[in-house]
Amino acid sequence: MGNSTGQRIQTLDGFRALAILLVTAFHFTITFTAPRDPLSHIPVTSPFSGFLPFEYGWIGVELFFVISGFVILMTLRKSAGILDFARRRIARIWPPLIVAATLTAIIVRIIGPQDWHTMPQDYVASLLLLDPKFMAIAAPDLPVKWVDPVYWSLAVEIRFYAVAAAIYAVSREAFIRNWLIWQAAVAFAALIIGTEGMGGLIITVVGMPKYLPYFTFGICCYEIWSQGSERRWALAGATLPALLVLEASLFHADTRSPLVLVVANTAIFSLFVLFLRGSSTLAIFSSRPMLLIGQTSYSFYLIHDFIGVSLIRLFVIAGAPLLVAVPIVYGICLAAAVAMFRSIEMRGKDLVMRWTDRLTRPQLVRNL
């Protein structure tokens, strides 16, 4: 169970494929159509309105967060130090982000709706992953929005990386124990203080109480899978984030269906339980189509939303049914994602790693 066989990691790529398929289905068929979107950026009533797998496709982001928890602990274990970990994350995140944000700003300016057009401050804030919600508090006179709204999850990821690196720097050997203490403290603080006021803002920014349990579950899964020295802590600790998520699904679901949220989150956790058990029922996630989509999922995620929806909008305005426009645009986005993965993600990562090699010299990271 602990050996890093290609087949096992391929399953994670298959999970990424499932996540991006869910998210794109939500954005392409639900988010920007009537009745959900009052502005009808895609000027048609969606035939998928009420279809639960698409209506709740946004939960694919939560699946991405579990995968990130798994991968980030793996990256921390492999890194020579915190600086090495930081450069690995920079190499992974920013080259595709810079290209995608630039393409999105240009293409949306040409074919997208007026309210999606990018201003210079939007572009800068998006590249720095500064959340507009928090920017509005720090600089209320400077209106800022994302170049593409999907970047919100990258801002959450970056905060997770920072917290994980800080806790890992305290003690590599006791990371799981310390992380679970952090998870419990955040959950308790959110329960007592809530998310309103300055205290709530600090908890939201640093603790991310809504999303932290997904990262925690992924972290515990990696420790179990790798048969790490803290796997007993991880086995016990994995139940904590699962319970927190299910409790939030049942009692803090807003207008969403608690039952659907419980089922969806249980499905996410069950996928990882099956993964840890090496179940053959997950073979479909190692199929070639799923691996292709999974490997390119980050680039796909970055370009699918405003660019993809703008293209669907053009097709619909030209008279194409949504059922025709969506698969065409999906094929376009997948081809673009493959090209970005090969030319930007892979090459950009290699370039950044070469440029920052000096940061991993033993004398710089020995004590980090």
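Looking at the structure I just gave you, is Thr104 outside any loop (DSSP other than H, G, I, E, B), among the hydroxyl-bearing types (Ser, Thr, Tyr) and over 20 Å from Lys349 (Cα atoms)?
So Thr104 passes the test.
Conditions: (1) in contact with a Ser or Thr (Cβ under 7 Å, 6 or more places away or on another chain); (2) part of a helix (DSSP H, G or I). Ala80 meets all but one. Number of the miss?
Answer for Ala80: the failing condition is (2).
Taking the conditions exactly as written (more than 28 Å from Arg277 (Cβ to Cβ), of a type in the set (A, V, I, L, M, F, W, C) and surrounded by fewer than 20 Cβ atoms within 10 Å (Cβ to Cβ)), does Ile158 satisfy them or not?
It is true that Ile158 is more than 28 Å from Arg277 (Cβ to Cβ), of a type in the set (A, V, I, L, M, F, W, C) and surrounded by fewer than 20 Cβ atoms within 10 Å (Cβ to Cβ).
Please name all residue pairs, on different chains or six or more residues apart, with Cβ atoms under 9 Å, provided the first residue is in the range 182-196 and is free of Cβ contacts under 8 Å to residues at least 12 places away in the same chain and the second residue is part of a loop (DSSP other than H, G, I, E, B) and surrounded by 13 or more Cβ atoms within 10 Å (Cβ to Cβ).
If the second residue must be part of a loop (DSSP other than H, G, I, E, B) and surrounded by 13 or more Cβ atoms within 10 Å (Cβ to Cβ), the pairs left are Leu191/Pro209.
Would you check if there is a residue in the range 50-61 being of a type in the set (Gly, Ala, Ser), farther than 24 Å from Val309 by Cα and surrounded by fewer than 17 Cβ atoms within 10 Å (Cβ to Cβ)?
Within the range 50-61 (the criterion being of a type in the set (Gly, Ala, Ser), farther than 24 Å from Val309 by Cα and surrounded by fewer than 17 Cβ atoms within 10 Å (Cβ to Cβ)), the answer is no, since none of the residues qualifies.
State yes or no: is Leu73 within 28 Å of Cys333 (Cα to Cα) and out of contact with any strand residue (DSSP E or B) (no Cβ under 6 Å at 6 or more places or on another chain)?
no
If a residue must be within 18 Å of the chain's Cα centre (by Cα) and β-branched (Val, Ile, Thr), how many such residues does the range 252-303 contain?
Counting residues in the range 252-303 that are within 18 Å of the chain's Cα centre (by Cα) and β-branched (Val, Ile, Thr) gives 4.
Looking only at the range 236-251, which residues are more than 20 Å from the chain's Cα centre (by Cα) and surrounded by 13 or more Cβ atoms within 10 Å (Cβ to Cβ)?
Gly237, Leu240, Glu247
Please go through the range 14-45 and pick out each residue that is modelled with pLDDT under 95, in contact with a helix residue (DSSP H, G or I) (Cβ under 8 Å, 6 or more places away or on another chain) and of a type in the set (S, T, N, Q).
Those that are modelled with pLDDT under 95, in contact with a helix residue (DSSP H, G or I) (Cβ under 8 Å, 6 or more places away or on another chain) and of a type in the set (S, T, N, Q): none in the range 14-45.
Return the residues of the range 92-102 that are surrounded by 18 or more Cβ atoms within 10 Å (Cβ to Cβ) and within 12 Å of Asp148 (Cα to Cα); say none if nothing qualifies.
Leu97, Ala100, Ala101
For the range 257-335, which fully contained helices (runs of 4 or more DSSP H) count at least 1 residues that are surrounded by fewer than 18 Cβ atoms within 10 Å (Cβ to Cβ)?
Passing ranges, in order: 258-276, 288-295, 306-317.
For the list (1) among the hydroxyl-bearing types (Ser, Thr, Tyr); (2) within 30 Å of Ala166 (Cα to Cα); (3) buried (at least 22 other Cβ atoms within 10 Å of the Cβ), I need the number of the one condition that Thr24 fails.
It is condition (2) that Thr24 fails.
The values are calculated or read from the model by the stated rules, or taken from the named source; none is laboratory data. Computed from a prediction, not measured in an experiment: that's the story for all the values here. Glycine gets a Cβ as well: all are built from the backbone with ideal geometry, and neighbour counts include every protein chain shown.
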